[in-house]
Structure formats: C-alpha cells, structure tokens
Amino acid sequence: MKHNFGAGPCILPQEVFKQASQGVLNFNDTGLSILEISHRAPEFVAVMEEAIALVKELLKVPTGYSVIFLQGGASLQFAMVAYNLLAEGKKASYIDSGVWAKKAIAEAKLFGQADVVASSKDKNYSYIPKNYTVAADSSYLHFTSNNTIFGTEFHQFPDKKNHLVCDMSSDIFSKEINVADFDLIYAGAQKNIGPAGATLVIVKDEILGKTGRTIPSMLDYEKQIAAESMYNTPPVFSVYAAMLNLRWLKAKGGVAAIEKENITKADALYKEIDRNPLFKGTTATEDRSRMSVCFVMENPDLEKPFLKFAEEKGCIGIKGHRSVGGFRASLYNALPITSVHVLVEAMQEFEEKNK
Ligand code: PMP
C-alpha cells in the first residue's frame, strides 16, 4: 500500500480514479470515450457546466464573479494577471514569499511596475511577511496563499482593500475562504482540483477591461469568460476528472468538512515533528502550512536512511525540495489521515532504532 505525500501532481481519491477511468472507456454509457467526443457535444458541455457550478457552490462564489477553466498552468497566470490587470503606466504590488511568488513578480515586470512590498527571503522564506504598506494607487496586491516549496501558508489574508490577487494553487479547496475579499484567484488544477492540464480562475467581472491594452485572445480573461471556457478546445480530461473530484468533495461535506480533516492531519504530523528529537520543522510555527509540511533532521546524516525507511513503509514523495532539503509531506485533501498515521509511526520507529 502506497501513501502518496507527493507535492503535485498529487493523490486524488481512489473513487475519482475509478470513475475517470470508466469515463475513458465508456463515458456515461454513450459507448464512447470522454477522450473521443467533441468538446462542443452536449455531454461535454454538461461536464464543463457542472465543474463550474461545483466551484461556485463549494467556494460560495458571489454574483459578479466569473469562474473559468484555462490552460497553461498557474505559471501562465503569472503573466495573464499583469496583462489583464496592470494598466499602462500603473503599478502593482507583490509579496515575495517564495519561488512561485518570485516567478509571478518576474512575469509582471514584463508588463509594468511590480513593486515587492514585503519579502521573507532574508530567512529562506521560512515565514510569511506581515508588516508592509501597499501604495494606495497600486492596481492590486498579489500573494501566494500557500508556499508549496517552503511550507508556509497565509492563515490570515492581507487587507482586502488592497485588491487581492492570489495564487491559491496549493491550498484552494483545503479551507473556507471568502471569495468576495479577492479580485482574482487562480490555481493550477494538479493539487486539490484534479489532474494537471486545467487552470482555475475566479475573477471579479468589474475589474476587467480597464488596462487600455490590446490582449491576445487566448490571454484575455474577458474573451475566455464570453466563450464559457471554450474559446478553444479545453483540456477535456482534466476538466472531467476535476468535476468528479469536486463531486467527491461535495459528498464529503464540502470545504468546511475537509478543512476540519486537514487541520487534524497537519496537527498530527507537526505534533510528532515537535516531539521527536530527531526531527525539526523549518518554518515559523504560526505560519506552518497545512498542505505542505516541511521538516529536516537534527542530524542530516540520518536523512537518507530515514527516507529509505519511510519508503519501505509505503510513504512516498516525502523528499524535500532542493531549496529546503530534508522532507516535505504534502497533505492534500485526498490524503487519508491513516497515511499520516503511517508516517508518524515510521518517525517513531526510526527514533527507537536510532536511540
Ligand atoms: N504556484 C504554486 C503555489 C505552485 O505550487 C505551483 C506548482 N507547484 C505553481 C504556481 C506552478 O504551477 P503550474 O505548474 O501549474 O504552472
């Protein structure tokens, strides 16, 4: 039995894998695969509509916002956000909390002034920057709600008066949020949404069309919204499996219910990291991520042996990113608490063996 702690693409529920494979073989008893029907066929249009309706329902998206599925990953959003929201001659503000934020800043600079108002680079991104001021004439404030690589997460979002734009790639659908506090939210699908390929964007309609730029159609939110996520051929399988995964989340009780489970899972692992003398966390305690749990060993020489030991117990995907080292256990929605227990037991057994 494998316990998949991979950072993404990541674990999805077994029943979603089963339903998705059934759809590949014989979609809704049509005798056809989801992969061979037209994206304009009513059967697929219904899939797209249900996926969008589930996003709206699960995140309680208010009226005045559009939900679209695009391609290009969260990385294309780094550029699209600035292209669509950073007016000519204006500036935007960015919080630099890690690798993904830095990439977003670099892309925004292609379109105008992108000011870094706060950074945690001084301590290898091990905390969430908190004291900063944002210029009143800034078009928006961009931040990354969960730093997948460094294991920090915003548990309190910046002030909404700053026109928040958020990369929620690695913690969307993990906890309740108030969409009305944001101008725009985006996320690559391959964590809590579904398989890689689709990118989710939730945007407040009234902020669009104000930059004075001519935007290529594929990169223009307004055109994508008008085309109902079908400006061109959408990533049909990714959207289909995302729809199945969001149905799974709804059946589990929605975001509030999964948030409770996610808190329990993260608490159990951090408790062991803090208790076990062999291990230590790498981030500021108050900023610890519930999705991306980063930790190292007091004795780095034991890291390779522990990785092997944990793998023998079925725990895979826990090797830390090279910029932090050590370990990273991703605890996405579909990871059951029993997998966390297996990892905690492995840490305890390893402690016994190394006494
Ligand atoms: N932002 C965050 C927070 C991420 O974790 C990732 C990928 N892990 C990205 C952006 C980049 O996503 P994509 O590969 O979909 O471009």
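The values are calculated or read from the model by the stated rules, or taken from the named source; none is laboratory data. Small disclaimer: the values here were computed from a predicted structure and weren't measured. Cβ atoms come from the backbone with ideal geometry, glycine included; neighbour counts cover every protein chain shown.
Some points to look at:
- Failed item, numbered, when Ala87 is tested on (1) at pLDDT 95 or above; (2) among the hydrophobic types (A, V, I, L, M, F, W, C); (3) within 30 Å of Asn162 (Cβ to Cβ): (1)
- When residues of the range 188-208 are limited to those that are outside any strand (DSSP E or B) and of a type in the set (D, E, K, R), the one surrounded by the fewest Cβ atoms within 10 Å (Cβ to Cβ): Glu206
- Residue, nearest to Phe295 (Cα to Cα), within the range 90-134, restricted to residues that are modelled with pLDDT of 95 or more and polar (S, T, N, Q): Ser126
- Scope the range 327-355; condition in contact with a Leu (Cβ under 8 Å, 6 or more places away or on another chain), among the small types (Gly, Ala, Ser) and farther than 21 Å from Val16 by Cα; matching residues: Ala329
- With respect to the stated conditions, Ile185 fails to be at negative phi, under 16 Å from the mean Cα position of the chain (by Cα) and surrounded by fewer than 24 Cβ atoms within 10 Å (Cβ to Cβ).
- Of the candidates Glu49, Glu43, the single residue that is outside any loop (DSSP other than H, G, I, E, B) and touching a helix residue (DSSP H, G or I) at 6+ places or on another chain (Cβ under 7 Å) is Glu43.
- Failed condition for Leu164, given (1) within 16 Å of the ligand (Cβ to nearest atom); (2) in contact (Cβ under 8 Å) with a residue 40 or more places away in the chain; (3) aliphatic (A, V, I, L, M): (2)
- The range 98-117, subset of a type in the set (A, V, I, L, M, F, W, C) and within 12 Å of the ligand (Cβ to nearest atom), residue nearest to Thr283 (Cα to Cα): Val99
- Residue match in the range 172-180 (condition: part of a strand (DSSP E or B), surrounded by 22 or more Cβ atoms within 10 Å (Cβ to Cβ) and among the β-branched types (Val, Ile, Thr)): no
- Being in contact with a Cys (Cβ under 9 Å, 6 or more places away or on another chain) and under 17 Å from Asp115 (Cβ atoms) holds for only one residue in Thr152, Thr144, and it is Thr144.
- Considering the range 94-133, the residues that are among the β-branched types (Val, Ile, Thr) and in a strand (DSSP E or B) include one that is surrounded by the fewest Cβ atoms within 10 Å (Cβ to Cβ), namely Val116.
- For the range 63-73, the count of residues that are within 30 Å of Ala92 (Cβ to Cβ), part of a helix (DSSP H, G or I) and within 16 Å of the ligand (Cβ to nearest atom) is nonzero.
- Flag for Ala87 being more than 17 Å from Gln156 (Cβ to Cβ) and touching a Phe, Trp or Tyr at 6+ places or on another chain (Cβ under 6 Å): no
- Pairs meeting the criteria (first residue in the range 103-118 and closer than 9 Å to Lys91 by Cα, second residue outside any strand (DSSP E or B) and within 16 Å of the ligand (Cβ to nearest atom), beta carbons under 6 Å, at least 6 apart or on different chains) are Ala114/Ile105; Ala114/Ala108.
- Condition met for Tyr240 (surrounded by 16 or more Cβ atoms within 10 Å (Cβ to Cβ) and farther than 23 Å from Leu12 by Cα): no
- Flag: Leu25 does not match the condition of being modelled with pLDDT of 95 or more, within 22 Å of Asn192 (Cα to Cα) and not charged (D, E, K, R).
- Residue-level check: of (1) farther than 28 Å from Gln71 by Cβ; (2) buried (at least 20 other Cβ atoms within 10 Å of the Cβ); (3) more than 16 Å from the ligand (Cβ to nearest atom), Asp137 misses just (2).
- For the range 38-73, taking the residues that are more than 20 Å from Arg247 (Cα to Cα) and free of Cβ contacts under 8 Å to residues at least 12 places away in the same chain, the one that is surrounded by the fewest Cβ atoms within 10 Å (Cβ to Cβ) is identified as Thr63.
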